[in-house]
Amino acid sequence: MRYVSTRGGADPQRFTDILLEGLAPDGGLFVPAAVPRFSAGELSALRGKPYADLACAVLSRFIDDIPAADLKALVARTYTRYAFGSDEIAPLATLEPGLHILELSNGPTLAFKDMAMQFLGNLFEYALAKRGAEINILGATSGDTGSAAEYAMRGKRGIRVFMLSPQGRMSAFQSAQMYSLQDANIFNVAVQGVFDDCQDIVKAVSGDAQFKAQRKIGSVNSINWARIAAQVVYYFWGYLRATRSDAEQVSFAVPTGNFGNIYAGHVARCMGLPVKQLVLATNENDVLDEFFRTGRYRVRASAEVKATSSPSMDIAKASNFERYVFDLVGRDPARVMDLWKQLEREGFFDLSGSADFARVAVTGFVSGSSSHSDRIATIRRVFERYGRMVDTHTADGIKVGLEYRETGVPLVCLETAQPAKFADAIREALGREPVRPKGYENIEALPQRLQVIEPDAAAVKRYIEAHAG
């Protein structure tokens, strides 16, 4: 298995060579040179396997330069009852026949990011030990990536985490999860801006090849291919749990901000998983919904980003979208380069009416958006009808998913976080407090440790230099 850049300027590399890199040297994103496929017989052989065994079967298609026994041990150490609360790891909850919720938020930070990040923590530590190396992880979060990364990397040898977050833009619970960590290798940086400012800083710092090399900068954001690969696994898991035969198709409803979660579903579909539709749900920041409806991809200025009650999706520039566009334009890196140059120059590109945009239908994507009143109504409806409490992001996914639900095709809605992380919305919708998992009862009252900084890449570089050792 070799990996290439979406912009064509990097030599093909093995998995462990790109694992610690993040962005490709040319500013693009790494993708497999060819997406591996499962035959019908191979897919059928996966039925009934425990989550860790399924993960090995899928991940081994992307990772062929780690010995099989070592990969199996890493996966077994990651997907445990201790970390995820049950042997199922990601239980499939049935609301009614043909309508399901895939529980992805039972990990240590109560969000779906744990499903990949816990694996990355073990994988990074393994790879660094093999090389006798260290890494300074630089990431950006709109809410859940940061805490998932920090909980996965805390105390790991040879790893320091510098996590940028938008000051005042996350829920109190999300902020406390990150800022209350006191581990010596964790550094929280609250940026005076929005998530996209944080993401732009990460890309700017990672794009400085000299600084990146000197300070050993790596990434755990969803620009890191290993995270995408680990997320592909739960699409296979959800499909196999929602069906009885490989002749059936399934649709997935996915709340989406940075496009990594649903892009993993696209990869699973390319690998041969029988996915009918990938239902993309945005909140009021509907950059991606606008593209899938019109063919026009227009990023928003920071001032245009709306603060919503599903804050992890308050994103105006979806970093993983480039990987999808690479496939959409026939895997032509020169075309991707031109489009992203136009995006930087003009703030948009438009594929409407083109053969490229016509391929969207072939990839199974449909989309919609959800407002605050929509998600409050959905939370209330799901609780009253099924006795289940869902968070605001999952509610966005359910709302849009139901708009595209088809008779005879199971709809699996991806749960992205537990309701306890968004108590204000739960109180508004249901007039009651969400249940707090044990150990999180008073998290907001814990001492917090963070550094507030202006939205400037040079300032972040100085901070890293002062604390990277």
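Since every read-out is calculated from the coordinates, none of them should be taken as a lab result. Remember, predicted model here, so these are calculated numbers, not experimental data. Positions of Cβ are generated from backbone atoms using ideal geometry, with glycine treated the same way; all protein chains shown enter the neighbour counts.
Along the Cα→Cβ direction, 7 angstrom out, place labels at Tyr386 and Lys341. What is the inter-label distance in nm?
4.8 nm
Which of the peptides 433-442, 105-114, 20-29, 376-385 is most tightly packed, and how do the rest follow, judged by the mean count of other Cβ atoms within 10 Å per residue?
The densest-packed peptide leads the list: 105-114, 20-29, 376-385, 433-442.
Taking the Cα centre of each part, how many Å lie between the range 297-343 and the range 148-181?
25 Å
Give the lysines whose C-alpha is closer than 24 Å to that of Lys438, dropping any in the same chain fewer than 8 places away, or say none.
Of all the lysines, those that pass the test against Lys438 - Cα under 24 Å, at least 8 places apart if same chain - are Lys113, Lys421.
Output the peptides 174-182, 310-318 sorted from most to least packed, where packing is the average of other Cβ atoms within 10 Å over each peptide's residues.
310-318, 174-182
Looking at the chain only, what percent of DSSP beta bridges run antiparallel? Nearest 5 please.
In the chain, approximately 25 percent of DSSP beta bridges are antiparallel ones.
From the Cα gyration tensor of the range 184-273, with a ≥ b ≥ c the square roots of its eigenvalues, which class applies: rounded if a/c is under 1.5, or else prolate if a/b is larger than b/c, or else oblate?
Prolate, since a/c reaches 1.5 and a/b exceeds b/c.
Leaving out same-chain residues fewer than 8 places away, which aspartates and glutamates sit with a Cα under 18 Å from that of Lys399?
Those aspartates and glutamates meeting the cut-off are Glu96, Glu103, Glu284, Asp286, Asp289, Glu290, Asp314, Asp374, Glu384, Asp391, Glu415, Glu428.
Stretched out fully, how many nm does the piece from Ala184 to Leu446 gain, at 0.36 nm a residue minus the Cα gap?
Contour length minus Cα-Cα distance gives 92.7 nm.
If you place +1 on the Cβ of every Lys and Arg and -1 on the Cβ of every Asp and Glu, how big does the dipole about the Cα centre of the range 362-469 come out, in debye to the nearest 20?
For this selection, approximately 300 debye.
If you find the alpha carbon centre of the range 1-75 and of the range 195-230, how far apart are they in angstrom?
19 Å
Can you tell me the order of 217-229, 6-18 when each peptide is scored by its average per-residue count of other Cβ atoms within 10 angstrom, highest first?
217-229, 6-18
Scan around Cys413 for amide H atoms under 5 Å from its own, H built in the peptide plane at 1.01 Å from N, and keep only partners 5 or more places away or cross-chain.
His100, Ile101, Leu102, Ala253
Helix-derived [θ] at 222 nm for the chain: sum -39500 (n - 2.57) over DSSP H runs of at least 4, divide by residue count, nearest 500?
-12500 deg cm²/dmol
Based on the Cβ-Cβ distance from His372 to Ala93, what FRET efficiency comes out when R0 is 35 Å, to the nearest 0.05?
Computed FRET efficiency for His372 and Ala93 comes out at 0.90.
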